[in-house]
Amino acid sequence: MIGFKWETAEEMDEALALRLKNIRKRRGLSQQQLSERSGVSYGSLKRFESTGQISLLSLTKLAIALNCADDIRNLFTNVAYSSIEEVIREQK
């Protein structure tokens with residue numbers, strides 16, 4: 001597979017947090033402003049941006065506040081089949 005990269009779950013979470021932080025900054029929002037806009041506590045947002053740890057509900061709230069809700073909505077919507085057996089199982 002071209003471009004495949006082994007990452008731990010923690011590394012993936014940290015990369016996601018960095019992407020969200022960059023979007024927040026691009027939108028010109030402080031952590032406090034995003035916290036107020038999203039309803040996610042300041043502490044949770046600060047922890048997420050530094051460690052990648054957050055609840056799915058809070059992540060969704062942040063995405064909505066940053067006008068990125070479609071990214072959450074589209075998770076797992078276009079997953080490629082890994083085998084013909086998966087196709088067959090889905091038809092049952």
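What to note about this one:
- SER82 hydroxyl-bearing (Ser, Thr, Tyr), open to solvent by 80 Å² or more (accessible area, probe 1.4 Å) and either assigned to a loop (DSSP other than H, G, I, E, B) or without any contact (Cβ under 8 Å) to a residue 24 or more places away in the chain (or both): yes
- Those helices (runs of 4 or more DSSP H) of segment 8-77 in which 3 or more residues are among the small types (Gly, Ala, Ser) and open to solvent by less than 80 Å² (accessible area, probe 1.4 Å) occupy 9-26, 56-65.
The values are calculated or read from the model by the stated rules, or taken from the named source; none is laboratory data. Nothing here was measured: the structure is a model prediction, and the numbers come from that model. We place every Cβ from the backbone using ideal geometry, glycine too, and count neighbours over all the protein chains shown. Ligands, DNA and RNA are stripped out before the accessible areas are found, and what is left, the full protein with its side chains, is counted by its heavy atoms. Shrake-Rupley method; radii C 1.70, N 1.55, O 1.52, S 1.80 Å.
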